[in-house]
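Since the structure comes first, as structure tokens, the remarks are kept for the end.
What follows is calculated from the coordinates using simple rules that are stated; it is not laboratory data. What you are looking at is a predicted structure, and each value in this text was computed from that prediction instead of being measured. A quick note on method: Cβ atoms are made from the backbone with ideal geometry, for glycine too, and the neighbour counts reach across all protein chains shown.
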Amino acid sequence: MRWTVAVIAVSVFTSGTSLASDADRPPLPGPWYPVHTGGNRDYSAIDFCGFPVAMRVVDDQELGRNLAVDASGKPTLIEIKGDLVLSYTNTDTGKSVVRHVDGHAFISYHPDKSETWVVYGPFAGAVRRNTANIFVPRMDQGVYIWSGVTVAEGPPPATPPSPATLVWTPPVENLCDTLRGAP
């Protein structure tokens, strides 16, 4: 994890570095633009919480900007910040909660099509039953909000897919526990 964070930090602080010539690319960092990392999702009972969970976007004020680009001008490092408000509902009971997922993220896109995400603060996601992904520390199936530092390594596309690795620090909320029971 230290190596990944160090690489991201060096990339951020040398954000003007790119394979594109200075004359061919816009100045970096680039301007802020709307970006949407969240979307409505339905989590099945069997794979996640033991009951169905509906996640809905309430408000999305996320912004992104390019910090580095490759020779073709395609982003290789972007920064994302802003508020993402999500509601989660146990559709069996109607019990629901709203969470502000306003972490600050840096996403690196690598030439082999793999990705590295470094997120400081709230980050939403889910762990499927029988996942091949690697979580450090280990996590059970569930729908989560990670609120510490999270580093996710997404492998390049492959058949069969390779597992992703997610290293996280507390605190973390398992929304399955939060939504269990009557409203």
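Extension gain for THR91-LEU63 works out to 7.0 nm (0.36 nm per residue, less the C-alpha to C-alpha distance).
Only Cα pairs within less than 10 Å get springs; with that Gaussian network setup on the chain, which residue of ASP83, ASP92, ASP102 has the largest fluctuation? Greatest mean-square fluctuation among the candidates belongs to ASP92. Summarising the label geometry, the points placed 7 Å from Cα in the beta-carbon direction at THR159 and ALA132 lie 1.3 nm from one another.
Okay, helix-only estimate at 222 nm for the chain: each DSSP H run of n ≥ 4 adds -39500 (n - 2.57), divide by all residues, round to 500 deg cm²/dmol; what do you get? Theoretical 222 nm ellipticity from helices: -2500 deg cm²/dmol. From the alpha carbon centroid of the stretch 38-69 to that of the stretch 115-183 is 12 Å.
The label-point distance for ASP102 and ARG180, in a model that sets each label 7 Å from Cα toward Cβ, rounds to 3.1 nm. Note on ASN40 and THR169: with the Förster distance fixed at 25 Å, the Cβ-Cβ geometry gives a FRET efficiency of about 0.35. Stokes-Einstein diffusion of the stretch 30-117 at 10 °C, 1.306 mPa s viscosity, Kirkwood radius from Cα pairs, rounded to a whole number: 107 µm²/s.
Based on the Kirkwood radius over alpha-carbon pairs, what value in µm²/s does the Stokes-Einstein equation return for the translational diffusion coefficient of the chain at 10 °C and 1.306 mPa s? D, rounded to a whole number, is 90 µm²/s.
Taking the DSSP bridge list for the chain and keeping only pairs wholly inside it, about 95 percent are antiparallel. Between the helical axis of 2-13 and the longest alpha-carbon principal axis of the chain there is an angle of about 50 degrees.
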